[in-house]
Amino acid sequence: MDTAVTLSLLQLGDIQIEGLLPWSSNYSFLARVCPTTAVPEAKDEVRVVYKPRRGERPLWDFPQGTLYQRERAAFVVSERLGWNQVPPTVVRDGPHGIGTVQLFVDHDPDCHYFTIEGDQALAPQLQKITLFDILINNADRKAGHVLIEVPEMPDDIERLWLIDHGICFHAEYKLRTVIWEFAGMPIPPDLLTDLADFSQSLATKTSSLYDEMSQLLSTREVKALQRRARTMLTQSTFMAPGPGRHYPWPPV
């Protein structure tokens with residue numbers, strides 16, 4: 001199923017909750033989204049993670065009731081960059097009210113960033129993840145938030161997916177990540193081109209990117225996102241850890 005059809009199914013399909021996911025900071029539900037006549041091109045149901053706004057735990061530094069919007073914003077940024085690292089994610093009403101519905105990725109829960117750290121075959125994907133987290137100011141990139149999709153063929157290169165972006169896009173510096181293996185290295189030219197295209201689109205107030213980000217984030221947060229993009233282009237190197245706390249806790 002291509003991304004456009006998947007997004008339509010997530011937005012318009014019938015949500016059927018299977019149960020509450022354990023070990024989540026906020027209420028997250030494993031669910032199924034079943035095809036309806038509103039999405040005739042979707043033939044099969046899909047598994048999803050549903051995160052309702054009313055299940056968000058209050059945080060002192062993020063506005064209450066905005067985490068689900070940040071989850072969608074992370075997907076929008078990933079798609080606009082052309083890196084496609086965040087599973088299809090929509091904002092919609094569900095059994096427990098408005099929230100995000102995100103495609104569930106079939107993965108091995110025993111595998112995460114620390115089990116692949118330094119793998120040169122995965123370096124291109126990991127470099128994109130590193131830049132993505134700097135751009136969105138991810139305050140919680142745990143190793144377990146990097147999912148390794150189960151490959152269809154034994155010789156396939158593993159596909160990495162990124163989840164849990166509820167505490168991103170703060171206007172103040174809050175980057176906390178376990179991925180620092182590229183610190184100080186030059187950013188590859190092709191990735192700089194992607195960042196430049198993103199920056200230009202976000203700076204254009206008539207663009208669809210600017211319009212959606214302005215609906216999902218505050219004006220101050222959108223401006224901070226613009227500044228981070230410009231800074232990354234100017235410096236052209238992977239950021240090194242800053243002062244203070246720069247790792248999430250727990251790290252996995």
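The values are calculated or read from the model by the stated rules, or taken from the named source; none is laboratory data. What you see is a predicted model, and the numbers here were worked out from it, not measured in a lab. Reconstructed Cβ throughout: ideal geometry from the backbone, glycine too, with neighbour counts over all protein chains shown.
Filtered by the rule that a residue be exposed (fewer than 14 other Cβ atoms within 10 Å of the Cβ) and not basic (Lys, Arg), segment 219-230 gives a lone residue, Thr219. Residue under question is Ser208, and the condition is that it be out of contact with any Ser or Thr (no Cβ under 6 Å at 6 or more places or on another chain), surrounded by 15 or more Cβ atoms within 10 Å (Cβ to Cβ) and either within 28 Å of Tyr113 (Cα to Cα) or assigned by TED's automatic domain parsing to the domain that holds Leu160 (or both); does it hold? Criteria not met by Ser208.
A quick yes/no check of all residues on (1) among the aromatic types (Phe, Trp, Tyr); (2) in a loop (DSSP other than H, G, I, E, B); (3) in contact (Cβ under 8 Å) with a residue 24 or more places away in the chain; (4) crowded, with 20+ Cβ neighbours inside 10 Å:
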| position | (1), (2), (3), (4) |
| --- | --- |
| Gly118 | no, yes, yes, no |
| Ile129 | no, no, yes, yes |
| Phe132 | yes, no, yes, yes |
| Leu135 | no, no, yes, yes |
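When segment 21-42 is filtered for residues that are in contact (Cβ under 8 Å) with a residue 24 or more places away in the chain, more than 16 Å from Gly97 (Cβ to Cβ) and either under 19 Å from the mean Cα position of the chain (by Cα) or not in a strand (DSSP E or B) (or both), the ones remaining, listed by number, are Leu21, Ser25, Leu30, Pro35, Thr36, Ala38, Val39, Glu41, Ala42. Between Leu59, Leu131, Leu30, Leu135, the distinction of being in contact with a Lys or Arg (Cβ under 9 Å, 6 or more places away or on another chain) and within 30 Å of Tyr210 (Cβ to Cβ) belongs to Leu135 only. Name the one entry in Leu202, Leu225, Leu160, Leu175 that is part of a strand (DSSP E or B), among the aliphatic types (A, V, I, L, M) and within 30 Å of Arg53 (Cα to Cα). Selected residue: Leu160, the only one of Leu202, Leu225, Leu160, Leu175 that is part of a strand (DSSP E or B), among the aliphatic types (A, V, I, L, M) and within 30 Å of Arg53 (Cα to Cα).
Confirm whether Tyr210 is aromatic (Phe, Trp, Tyr), within 16 Å of Arg230 (Cα to Cα) and part of a loop (DSSP other than H, G, I, E, B). Quick ask: steps written out before the conclusion?
Details: aromatic (Phe, Trp, Tyr): yes; within 16 Å of Arg230 (Cα to Cα): yes; part of a loop (DSSP other than H, G, I, E, B): no.
When the stated conditions are applied, Tyr210 does not pass them.
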